[in-house]
Amino acid sequence: MTARPRLVGGFVWGLAGVLLIALAWEGYKFFGPADGLSIGELRVLPRTTDLAMPHLWDMMARLAEPVTRAEGALPLWAVVALAALTTLGIAAAGWAVGVVVGVGFALLMQRWRLAEFGLLPWIVISQTVPLIAFAPVVKSWGSRVEIGSFEWQDWMSVALIASYLAFFPITVGALKGLQSPDRIHLELFETYASGYWSTLKQLRFPAAVPYLLPALRLGAANAVIGAVVAEVSTGLQGGIGRLLIQFAGQASGDPAKAWGPIFGAIVLGLVAAGSVALLSVILKDYRRTEEAA
Amino acid sequence: MSDQILNSAAATDAPLAAGDTDAAAVSVRGVNKQFQTATGVVHALEAIDLTVSAGEFVSLIGPSGCGKSTLMRLIADLDDPTSGDLTVFGKTTTQARLDQDYGIAFQQAGLLPWRTVAANVALPLELHGVASADRRSRVANLLDMVGLTEFADRFPDQLSGGMQQRVAIARSLAEQPRLLLMDEPFGALDEMTREKMQTDLVRIAADTGAAVVFVTHSIPEAVFLSDRVVVMSPRPGRISQIVPMQLNAIDGRQERSDNLREESSFFEMVTEVREALHGGASDSPGDEPRQARGVDTR
């Protein structure tokens with residue numbers, strides 16, 4: 001009944017937000033000092049020149065133009081879209097690994113208290129390791145992996161790093177969810193003489209869904225960030241991370257071009273989070289609560 | 001109606017089976033239960049002796065902390081006694097739980113919010129591998145019995161508290177248990193719904209012939225429902241008295257209706273239970289001698 005107006009409302013508000021940002025951008029560019037504002041050596045407000053802040057319409061127009069002057073070059077938006085798709089694929093692989101590992105850890109920790117005490121601190125610490133620092137290490141380790149006909153590809157290093165970022169929120173969310181069933185439900189299952197696996201299937205997993213969905217979404221966003229950053233720091237070709245660096249280098253001659261991959265990265269993040277939102281629509285019955293409406 | 005399936009389980013002569021210890025639904029012998037807490041040992045139950053015959057309706061009543069819920073949890077094998085002996089249909093409580101000899105309902109309905117009403121009632125059947133066709137017909141019967149047939153496809157959050165509790169009761173009956181354990185199942189309901197549910201429960205218990213152990217702290221509720229009312233006192237939790245209900249020449253519980261609530265015998269029984277609760281050793285207005293009066297366990 002109320003689902004449709006709320007959906008439309010959300011869309012309108014989203015659009016209003018984008019419009020607000022656009023207005024702020026163009027407004028500052030119009031009214032702000034051309035050379036920005038500096039206090040001593042420190043610049044607190046950016047320059048408003050076309051080089052530093054191109055007009056939004058220039059950025060949009062640039063997206064439609066060919067990426068280079070070369071004969072038969074694709075338009076910028078197509079190049080960005082292809083790169084974004086590549087990154088999305090890598091991020092999705094990383095996310096999938098993150099889900100398996102995250103849920104696996106959560107199951108282990110839910111089953112044995114000792115595992116929770118022993119593992120959880122390490123899992124938290126794992127996230128404090130700076131990603132950029134060990135991306136090249138992963139790549140060089142990966143390049144030595146060769147099992148039979150299987151050979152480690154560079155994109156796998158990137159996916160691995162993406163999964164490293166993705167598994168953390170999923171582990172925490174899944175653990176909280178698996179531990180969430182009320183005592184009354186657990187005792188009910190005990191009176192049914194229900195074993196570990198059937199309690200897991202009929203009680204713990206369904207009860208974990210409301211905790212898992214935001215965790216999966218967070219994991220998806222993390223996987224995208226991880227993939228982009230890892231592409232940059234391992235120098236992987238073909239993805240949006242590489243494109244960001246490459247076009248930023250050309251910004252002095254073609255300032256609007258550098259914004260193409262930035263928009264691409266934003267859309268990429270939205271698509272990733274949106275796909276998980278789709279999952280939550282499928283699982284909507286599991287998000288109910290017992291209280292009378 | 002629903003009767004053909006549910007009647008098959010248990011004795012039709014159940015209400016008369018009092019004293020038959022061999023077939024006792026629940027037998028409690030010298031049970032103690034102590035809890036270790038930060039402030040010391042709490043004697044939740046001390047020297048409890050109680051026999052519930054097959055088909056008998058027994059209420060446990062007493063102030064908070066008298067151990068009535070603890071006693072029910074021991075019978076359900078959700079806790080272990082510190083000492084003493086508990087059997088359900090002659091088996092250990094663990095075996096009885098594994099054999100699904102009892103159905104249970106708590107103060108909260110405890111429905112799974114992601115399952116429809118029908119799927120909630122079907123849950124125990126599903127867990128124990130009942131074939132789906134059989135499951136469907138049993139669920140339909142149970143929902144018919146609690147008057148929720150039209151709500152089969154609703155979710156718990158779309159029902160009132162009373163309806164949720166009826167679903168929980170239907171679920172506790174799903175496997176046609178010979179023993180029902182109920183821990184203040186109507187505690188959270190308003191008075192109107194409560195009386196309706198009590199009348200329904202009397203009928204259902206009579207229809208199914210199941211023995212019932214019913215925890216409550218409402219005296220009229222205990223009197224209306226029970227064959228015997230077990231009055232308990234706190235610290236340590238003990239049985240202070242067992243009062244048999246004699247409600248004006250009504251031999252079967254199934255005959256009890258709302259009219260009973262206005263009869264003088266009902267009020268006499270209420271008074272008697274109340275006096276027992278308040279430690280009244282003084283005699284009640286009833287004049288005929290009562291055979292099982294004052295089972296003192298000390």
Neighbour counts of other C-beta atoms within 10 Å: give me A:Trp152, A:Trp197 arranged from fewest to most. A:Trp197, A:Trp152
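Evaluate peptide B:118-127: per residue, the Cβ atoms of other protein chains within 10 Å of its Cβ; return the mean as an integer.
Per residue, the number of nearby Cβ atoms from other chains is 3 on average.
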Please name which of A:Ile21, A:Gly36, A:Pro5 has its Cα lying farthest along the dipole of the stretch A:1-53 towards the positive end, using unit charges on Cβ (Lys, Arg +1; Asp, Glu -1) and the Cα centre as origin. A:Pro5
Inter-chain shielding of A:189-201 (mean C-beta neighbours from other protein chains, 10 Å cut-off): 4
Relative contact order (%) - the stretch A:1-53, alpha-carbon pairs under 8 angstrom, separation at least six: 23 percent
I need the calculated FRET efficiency for the pair A:Lys176 and B:Thr37, taking r as the beta carbon distance and R₀ as 25 Å, to the nearest 0.05. 0.35
Just going by the charge dipole of chain A, with Lys and Arg at +1 and Asp and Glu at -1 on Cβ, which of A:Val228, A:Thr87, A:Tyr286 is farthest out on the positive end? A:Tyr286
Translational diffusion coefficient (Stokes-Einstein; Kirkwood radius from C-alpha pairs) of the stretch B:30-85 at 4 °C, 1.567 mPa s, in µm²/s: 107 µm²/s
Say R0 is 22 Å: what FRET efficiency, to the nearest 0.05, do A:Leu279 and A:Val18 get from their beta-carbon distance? 0.30
Chain A, Gaussian network, Cα under 10 Å: of A:Leu268, A:Leu212, A:Leu74, the residue fluctuating most is A:Leu74
Footprinting exposure proxy for B:Val28, B:Val215 (fewest neighbouring C-beta atoms within 10 Å first): B:Val28, B:Val215
Straight-line reach from A:Lys139: which lysines fall under 30 Å, measuring Cα to Cα and dropping same-chain residues less than 8 apart? A:Lys257
Select from A:Gln127, A:Gln202, A:Gln237 the residue whose mean-square fluctuation is largest in a Gaussian network model of chain A (Cα-Cα springs shorter than 10 Å). A:Gln202
Say each of B:Asp49 and A:Val129 gets a label point 7 Å from the Cα, pointing the same way as Cα to Cβ; how far apart are those two points in nm? 6.8 nm
Spacing of the two label points (7 Å from each Cα toward its C-beta) at B:Ala131 and B:Asp99, in nm: 2.5 nm
Could you give the dipole magnitude of the protein assembly as shown about its Cα centre, charging the beta-carbon of Lys and Arg +1 and that of Asp and Glu -1, in debye to the nearest 20? 2260 debye
In Hz, Karplus ³J(HN,Hα) per residue of the stretch B:172-184 (6.51, -1.76, 1.60; θ = phi - 60°; x = Gly, Pro): 5, 8, 4, 9, 6, x, 8, 9, 10, 10, 10, 9, 6
From the square roots a ≥ b ≥ c of the eigenvalues of the alpha-carbon gyration tensor of the stretch B:109-176, which class results: rounded (a/c under 1.5), prolate (a/b over b/c), or oblate? prolate
Among A:Val138, B:Gln108, B:Ser59, which residue has its Cα furthest toward the positive end of the charge dipole of the protein assembly as shown, with +1 on Lys/Arg Cβ and -1 on Asp/Glu Cβ? A:Val138
Given unit charges at Cβ for Lys, Arg (+) and Asp, Glu (-), the dipole magnitude of chain A about its Cα centre in debye, nearest 20, is 480 debye
What percent does the relative contact order of chain A come to when contacts are Cα pairs within less than 8 Å and at least six residues apart? 22 percent
Need the full-extension length gain, A:Ile147 to A:Glu187, defined as separation in residues times 0.36 nm minus the C-alpha distance. One decimal, nm. 9.6 nm
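Where does each of A:Arg69, A:Arg43, B:Arg238 land when they are ranked from fewest to most other beta-carbon atoms within 10 angstrom?
A:Arg69, A:Arg43, B:Arg238
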Residue-span extension gain [A:Val137 to A:Phe263] - 0.36 nm each, minus C-alpha spacing: 42.4 nm
Candidates A:Phe247, A:Phe189, A:Phe167, ranked by Gaussian network fluctuation over chain A, Cα under 10 Å, top entry: A:Phe189
To make sure I understand the rule: partners must be lysines, Cα under 22 Å from the Cα of B:Lys68, and not fewer than 8 residues away in the same chain. Which ones qualify? B:Lys33, B:Lys91
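Values quoted throughout were computed directly from the atomic coordinates according to the rules given, and no laboratory measurement underlies them. As the structure is a prediction and not an experimental result, all values here were calculated from the model. Every residue, glycine among them, receives a Cβ derived from its backbone with ideal geometry; neighbour counts consider all protein chains shown.
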